[in-house]
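Below is one structure, written out as C-alpha coordinates; comments come after it.
The values are calculated or read from the model by the stated rules, or taken from the named source; none is laboratory data. Nothing here was measured: the structure is a model prediction, and the numbers come from that model. Quick reminder, even Gly has a Cβ in these numbers, built from the backbone with ideal geometry, and neighbours come from all protein chains shown.
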Amino acid sequence: MHPLLNIAVRAARRAGDIILRAANQRDTLTIDTKQRNDFVTETDRQAEEEIIQIIHKAYPDHAILGEEGGQIGDHEITWIIDPLDGTTNFIHGLPHYAVSIGIQIRGRLEHGVIHDPGRGEIYTATRGSGAFLNDRRIRVSSARGLENSLIGTGLPFRDFTHADAYYGMLQAIASKTAGIRRAGSAALDLAYVASGRLDGYWELGLKPWDIAAGIVLLQEAGGIIGGLAGEPSGFMESGNLVCGNPRMFAALVREIQPHLNEALTSPTRQ
Ligand code: IPD
Ligand code: CA
Ligand code: CA
(Lines give C-alpha, C1' and ligand atoms only; values in the text may rest on other atoms or scores of the structure.)
(Ligands and ions follow the chains in the order given, each with its own letter.)
Protein backbone atom coordinates (compact mmCIF):
# COMPACT_ATOMS: atom_id res chain seq x y z
CA MET A 1 0.00 0.00 0.00
CA HIS A 2 1.24 3.50 -0.84
CA PRO A 3 2.60 5.23 2.31
CA LEU A 4 0.15 8.14 1.95
CA LEU A 5 -2.79 5.73 1.68
CA ASN A 6 -1.48 3.80 4.65
CA ILE A 7 -1.63 6.90 6.83
CA ALA A 8 -5.08 7.75 5.47
CA VAL A 9 -6.33 4.27 6.44
CA ARG A 10 -4.83 4.58 9.92
CA ALA A 11 -6.47 7.99 10.38
CA ALA A 12 -9.84 6.76 9.06
CA ARG A 13 -9.80 3.77 11.43
CA ARG A 14 -9.06 5.97 14.45
CA ALA A 15 -11.84 8.37 13.46
CA GLY A 16 -14.14 5.36 12.98
CA ASP A 17 -13.38 4.21 16.55
CA ILE A 18 -14.30 7.66 17.89
CA ILE A 19 -17.57 7.62 15.92
CA LEU A 20 -18.56 4.12 17.07
CA ARG A 21 -17.83 4.93 20.69
CA ALA A 22 -19.98 8.07 20.43
CA ALA A 23 -22.76 6.14 18.64
CA ASN A 24 -23.09 3.99 21.74
CA GLN A 25 -23.60 7.07 23.95
CA ARG A 26 -25.88 9.08 21.73
CA ASP A 27 -27.96 10.50 24.60
CA THR A 28 -24.99 12.63 25.72
CA LEU A 29 -24.24 14.03 22.26
CA THR A 30 -23.93 17.82 21.82
CA ILE A 31 -25.44 18.94 18.52
CA ASP A 32 -24.91 22.39 16.95
CA THR A 33 -26.66 23.76 13.89
CA LYS A 34 -24.34 25.39 11.33
CA GLN A 35 -27.31 26.50 9.22
CA ARG A 36 -30.79 25.09 8.65
CA ASN A 37 -30.53 21.28 8.38
CA ASP A 38 -26.74 21.41 8.66
CA PHE A 39 -25.73 19.81 11.92
CA VAL A 40 -22.38 19.21 13.54
CA THR A 41 -21.70 17.19 16.67
CA GLU A 42 -18.67 17.11 18.92
CA THR A 43 -17.98 13.73 17.30
CA ASP A 44 -17.49 15.31 13.86
CA ARG A 45 -14.98 17.73 15.39
CA GLN A 46 -13.14 15.13 17.49
CA ALA A 47 -12.88 12.75 14.52
CA GLU A 48 -11.48 15.51 12.29
CA GLU A 49 -8.95 16.59 14.94
CA GLU A 50 -7.77 13.00 15.34
CA ILE A 51 -7.38 12.58 11.57
CA ILE A 52 -5.41 15.82 11.24
CA GLN A 53 -3.16 14.87 14.16
CA ILE A 54 -2.28 11.55 12.53
CA ILE A 55 -1.61 13.17 9.15
CA HIS A 56 0.51 15.95 10.62
CA LYS A 57 2.55 13.51 12.72
CA ALA A 58 3.61 11.77 9.51
CA TYR A 59 3.56 14.81 7.19
CA PRO A 60 3.78 18.06 9.19
CA ASP A 61 3.80 20.33 6.10
CA HIS A 62 0.90 18.86 4.13
CA ALA A 63 -2.20 21.00 3.60
CA ILE A 64 -5.63 20.03 4.92
CA LEU A 65 -9.10 20.83 3.65
CA GLY A 66 -11.46 19.60 6.35
CA GLU A 67 -15.22 20.06 6.51
CA GLU A 68 -15.07 21.34 10.08
CA GLY A 69 -11.72 23.17 10.16
CA GLY A 70 -11.51 24.46 6.57
CA GLN A 71 -8.20 25.01 4.80
CA ILE A 72 -5.03 24.63 6.86
CA GLY A 73 -1.67 25.35 5.26
CA ASP A 74 -0.54 25.45 1.66
CA HIS A 75 1.29 22.52 0.07
CA GLU A 76 1.20 20.58 -3.21
CA ILE A 77 -0.38 17.71 -1.25
CA THR A 78 -3.83 18.41 0.24
CA TRP A 79 -5.79 15.96 2.37
CA ILE A 80 -9.53 16.47 1.83
CA ILE A 81 -11.43 15.24 4.87
CA ASP A 82 -15.04 14.55 5.78
CA PRO A 83 -14.67 13.16 9.31
CA LEU A 84 -18.28 11.97 9.44
CA ASP A 85 -20.30 11.82 6.25
CA GLY A 86 -23.90 11.13 7.15
CA THR A 87 -24.14 13.22 10.32
CA THR A 88 -27.94 13.36 10.17
CA ASN A 89 -28.07 9.53 10.13
CA PHE A 90 -25.57 9.44 12.99
CA ILE A 91 -27.63 11.85 15.10
CA HIS A 92 -30.71 9.67 14.61
CA GLY A 93 -28.92 6.43 15.41
CA LEU A 94 -29.31 5.24 11.81
CA PRO A 95 -26.09 3.27 11.28
CA HIS A 96 -25.13 4.47 7.80
CA TYR A 97 -22.23 6.92 7.82
CA ALA A 98 -18.54 6.98 6.96
CA VAL A 99 -15.19 8.69 7.25
CA SER A 100 -13.88 9.99 3.92
CA ILE A 101 -10.30 11.04 3.18
CA GLY A 102 -9.07 11.98 -0.29
CA ILE A 103 -5.50 12.98 -1.16
CA GLN A 104 -4.90 15.51 -3.89
CA ILE A 105 -1.42 16.00 -5.34
CA ARG A 106 -0.77 19.07 -7.50
CA GLY A 107 -4.49 19.45 -8.12
CA ARG A 108 -5.14 15.80 -9.02
CA LEU A 109 -6.92 13.30 -6.76
CA GLU A 110 -4.57 10.35 -6.29
CA HIS A 111 -5.73 8.35 -3.23
CA GLY A 112 -8.97 7.80 -1.38
CA VAL A 113 -10.26 5.99 1.71
CA ILE A 114 -13.88 5.61 2.77
CA HIS A 115 -14.42 3.80 6.06
CA ASP A 116 -17.80 2.55 7.28
CA PRO A 117 -16.99 1.79 10.91
CA GLY A 118 -20.32 0.13 11.74
CA ARG A 119 -19.94 -2.49 9.02
CA GLY A 120 -16.16 -2.78 9.32
CA GLU A 121 -15.75 -1.88 5.65
CA ILE A 122 -12.76 0.06 4.34
CA TYR A 123 -12.76 1.12 0.70
CA THR A 124 -9.37 2.19 -0.67
CA ALA A 125 -7.98 3.28 -4.02
CA THR A 126 -4.80 4.69 -5.49
CA ARG A 127 -4.77 6.02 -9.03
CA GLY A 128 -3.53 3.30 -11.37
CA SER A 129 -3.71 0.53 -8.75
CA GLY A 130 -7.41 -0.39 -8.63
CA ALA A 131 -10.09 -0.09 -5.95
CA PHE A 132 -10.58 -2.38 -2.97
CA LEU A 133 -13.16 -3.21 -0.31
CA ASN A 134 -11.10 -4.48 2.62
CA ASP A 135 -8.71 -6.76 0.69
CA ARG A 136 -11.01 -7.60 -2.20
CA ARG A 137 -10.78 -5.87 -5.57
CA ILE A 138 -14.04 -4.11 -6.53
CA ARG A 139 -15.61 -3.08 -9.82
CA VAL A 140 -18.68 -1.13 -10.86
CA SER A 141 -21.70 -3.22 -11.84
CA SER A 142 -22.12 -4.50 -15.37
CA ALA A 143 -25.71 -3.23 -15.70
CA ARG A 144 -26.48 -2.51 -19.35
CA GLY A 145 -29.17 0.12 -18.91
CA LEU A 146 -31.67 1.70 -16.54
CA GLU A 147 -34.08 -1.24 -16.64
CA ASN A 148 -33.76 -3.26 -13.37
CA SER A 149 -31.06 -0.93 -12.08
CA LEU A 150 -30.76 0.47 -8.53
CA ILE A 151 -29.73 4.12 -8.41
CA GLY A 152 -28.54 6.26 -5.49
CA THR A 153 -29.25 9.95 -5.08
CA GLY A 154 -29.57 12.78 -2.55
CA LEU A 155 -32.78 14.80 -2.17
CA PRO A 156 -32.58 18.58 -1.72
CA PHE A 157 -32.88 19.32 2.02
CA ARG A 158 -30.91 22.50 2.68
CA ASP A 159 -30.92 24.52 -0.51
CA PHE A 160 -34.02 24.29 -2.69
CA THR A 161 -32.85 26.55 -5.56
CA HIS A 162 -32.81 23.65 -8.01
CA ALA A 163 -35.50 21.51 -6.39
CA ASP A 164 -37.88 21.67 -9.39
CA ALA A 165 -35.14 20.64 -11.82
CA TYR A 166 -34.03 17.89 -9.43
CA TYR A 167 -37.54 16.45 -9.01
CA GLY A 168 -37.91 16.41 -12.78
CA MET A 169 -34.77 14.26 -12.98
CA LEU A 170 -35.97 12.05 -10.14
CA GLN A 171 -39.30 11.40 -11.80
CA ALA A 172 -37.67 10.56 -15.13
CA ILE A 173 -35.12 8.19 -13.57
CA ALA A 174 -37.45 6.59 -10.99
CA SER A 175 -39.92 5.63 -13.71
CA LYS A 176 -37.29 3.67 -15.66
CA THR A 177 -35.35 1.84 -12.92
CA ALA A 178 -35.96 -0.84 -10.29
CA GLY A 179 -35.59 1.73 -7.53
CA ILE A 180 -33.97 4.79 -6.07
CA ARG A 181 -32.15 4.99 -2.72
CA ARG A 182 -31.52 8.11 -0.63
CA ALA A 183 -29.26 6.63 2.03
CA GLY A 184 -27.76 9.87 3.42
CA SER A 185 -24.01 9.50 2.90
CA ALA A 186 -22.60 10.72 -0.41
CA ALA A 187 -19.26 9.03 0.34
CA LEU A 188 -20.94 5.65 0.78
CA ASP A 189 -23.13 6.25 -2.29
CA LEU A 190 -19.94 6.60 -4.35
CA ALA A 191 -18.34 3.60 -2.63
CA TYR A 192 -21.47 1.55 -3.37
CA VAL A 193 -21.40 2.43 -7.05
CA ALA A 194 -17.68 1.54 -7.08
CA SER A 195 -18.46 -1.85 -5.56
CA GLY A 196 -21.51 -2.56 -7.72
CA ARG A 197 -24.09 -2.38 -4.91
CA LEU A 198 -25.63 0.58 -6.71
CA ASP A 199 -25.64 0.81 -10.50
CA GLY A 200 -25.42 4.60 -10.59
CA TYR A 201 -25.75 7.78 -8.54
CA TRP A 202 -26.39 11.46 -9.02
CA GLU A 203 -26.66 14.38 -6.64
CA LEU A 204 -26.54 18.19 -6.68
CA GLY A 205 -24.77 20.61 -4.36
CA LEU A 206 -22.08 18.35 -2.88
CA LYS A 207 -18.87 19.64 -1.31
CA PRO A 208 -15.27 18.55 -2.11
CA TRP A 209 -14.98 16.57 1.15
CA ASP A 210 -18.15 14.57 0.34
CA ILE A 211 -16.67 13.29 -2.92
CA ALA A 212 -12.85 13.56 -3.02
CA ALA A 213 -12.13 9.98 -1.91
CA GLY A 214 -15.14 8.56 -3.77
CA ILE A 215 -14.00 10.00 -7.10
CA VAL A 216 -10.71 8.05 -7.06
CA LEU A 217 -12.50 4.93 -5.85
CA LEU A 218 -15.16 5.13 -8.54
CA GLN A 219 -12.70 5.77 -11.36
CA GLU A 220 -10.37 2.99 -10.20
CA ALA A 221 -13.36 0.63 -10.10
CA GLY A 222 -13.97 1.27 -13.80
CA GLY A 223 -16.69 3.88 -13.35
CA ILE A 224 -17.23 7.20 -15.09
CA ILE A 225 -18.01 10.34 -13.16
CA GLY A 226 -18.90 13.71 -14.60
CA GLY A 227 -21.08 16.79 -14.42
CA LEU A 228 -24.84 16.61 -15.01
CA ALA A 229 -24.50 17.12 -18.77
CA GLY A 230 -21.83 14.43 -18.90
CA GLU A 231 -18.94 16.89 -18.97
CA PRO A 232 -15.73 15.27 -17.70
CA SER A 233 -14.57 18.11 -15.43
CA GLY A 234 -15.92 20.87 -13.23
CA PHE A 235 -18.04 18.60 -11.00
CA MET A 236 -15.64 18.90 -8.05
CA GLU A 237 -16.17 22.68 -8.21
CA SER A 238 -19.93 22.69 -8.88
CA GLY A 239 -20.72 19.74 -6.60
CA ASN A 240 -23.25 18.48 -9.19
CA LEU A 241 -22.41 15.01 -10.47
CA VAL A 242 -23.51 11.75 -12.01
CA CYS A 243 -21.68 8.41 -12.13
CA GLY A 244 -21.94 4.74 -13.00
CA ASN A 245 -20.43 2.25 -15.39
CA PRO A 246 -19.94 3.82 -18.84
CA ARG A 247 -23.37 2.68 -20.14
CA MET A 248 -25.20 3.70 -16.97
CA PHE A 249 -23.44 7.07 -16.93
CA ALA A 250 -24.64 7.78 -20.47
CA ALA A 251 -28.17 6.55 -19.68
CA LEU A 252 -28.44 8.76 -16.58
CA VAL A 253 -27.10 11.80 -18.43
CA ARG A 254 -29.79 11.23 -21.10
CA GLU A 255 -32.54 11.37 -18.47
CA ILE A 256 -31.04 14.35 -16.62
CA GLN A 257 -30.31 16.50 -19.70
CA PRO A 258 -33.88 17.77 -20.36
CA HIS A 259 -34.05 19.18 -16.81
CA LEU A 260 -30.81 21.16 -16.90
CA ASN A 261 -30.44 24.92 -16.91
CA GLU A 262 -27.33 27.04 -17.30
CA ALA A 263 -26.71 27.35 -13.55
CA LEU A 264 -26.67 23.58 -13.12
CA THR A 265 -23.97 22.96 -15.69
CA SER A 266 -21.75 25.89 -14.76
CA PRO A 267 -18.54 24.77 -13.05
CA THR A 268 -18.98 27.37 -10.32
CA ARG A 269 -21.04 26.64 -7.26
CA GLN A 270 -24.57 28.16 -7.54
C1 IPD B 1 -24.08 15.01 3.65
C2 IPD B 1 -24.30 13.61 3.14
C3 IPD B 1 -25.61 13.54 2.36
C4 IPD B 1 -25.65 14.54 1.23
C5 IPD B 1 -25.37 15.95 1.75
C6 IPD B 1 -24.06 15.99 2.51
P7 IPD B 1 -22.68 15.37 5.94
O8 IPD B 1 -22.84 15.12 4.33
O9 IPD B 1 -23.26 13.21 2.29
O10 IPD B 1 -25.80 12.26 1.79
O11 IPD B 1 -26.92 14.51 0.63
O12 IPD B 1 -25.32 16.84 0.67
O13 IPD B 1 -23.86 17.29 3.02
O14 IPD B 1 -23.23 16.76 6.20
O15 IPD B 1 -23.45 14.33 6.62
O16 IPD B 1 -21.21 15.28 6.14
CA1 CA C 1 -20.45 15.13 3.93
CA1 CA D 1 -19.54 15.61 7.53
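Where strands (runs of 3 or more DSSP E) sit wholly within the stretch 46-90, those with at least 3 residues that are closer than 17 Å to E110 by Cβ occupy 63-66, 77-85.
Total residues in the stretch 88-103 satisfying the condition of being in contact with a strand residue (DSSP E or B) (Cβ under 7 Å, 6 or more places away or on another chain) and surrounded by fewer than 22 Cβ atoms within 10 Å (Cβ to Cβ): the figure is 2.
Candidates R36, R106, R45: the one that is away from ligand 1 (no atom under 11 Å from the Cβ), loosely packed, with under 14 Cβ neighbours inside 10 Å and without any contact (Cβ under 8 Å) to a residue 40 or more places away in the chain is R106. Restrict the check to the stretch 126-141 and report whether at least one residue is within 11 Å of ligand 1 (Cβ to nearest atom), at pLDDT 95 or above and not in a strand (DSSP E or B). Among the residues of the stretch 126-141, not one is within 11 Å of ligand 1 (Cβ to nearest atom), at pLDDT 95 or above and not in a strand (DSSP E or B), which makes the answer no. Evaluate the stretch 193-209: report whether one residue or more is away from ligand 3 (no atom under 16 Å from the Cβ), over 16 Å from the mean Cα position of the chain (by Cα) and closer than 14 Å to A131 by Cβ. There is no residue in the stretch 193-209 that is away from ligand 3 (no atom under 16 Å from the Cβ), over 16 Å from the mean Cα position of the chain (by Cα) and closer than 14 Å to A131 by Cβ.
In the set (1) in a helix (DSSP H, G or I); (2) in contact with a helix residue (DSSP H, G or I) (Cβ under 7 Å, 6 or more places away or on another chain), A250 fails one condition alone, (2). For the stretch 55-67, the set of residues classified as surrounded by fewer than 19 Cβ atoms within 10 Å (Cβ to Cβ) and touching a residue at least 12 places away in the same chain (Cβ under 8 Å) consists of A58, Y59, D61, A63, listed by residue number. Residues considered: F132, F160. Of these, the only one that is without any contact (Cβ under 8 Å) to a residue 24 or more places away in the chain and in the same structural domain as N37 (by TED's automatic domain parsing) is F132. You will find that of L217, L198, L170, the residue that is in the same structural domain as A251 (by TED's automatic domain parsing), part of a helix (DSSP H, G or I), on the phi < 0 side of the Ramachandran plot and in contact with a Gly (Cβ under 6 Å, 6 or more places away or on another chain) is L217 and no other. With respect to the conditions (1) in contact with a Gly (Cβ under 7 Å, 6 or more places away or on another chain); (2) surrounded by fewer than 24 Cβ atoms within 10 Å (Cβ to Cβ), G179 lacks only one, and its number is (1). Every condition in (1) over 19 Å from D82 (Cα atoms); (2) surrounded by fewer than 24 Cβ atoms within 10 Å (Cβ to Cβ); (3) at pLDDT 95 or above holds for K207 except the one numbered (1).
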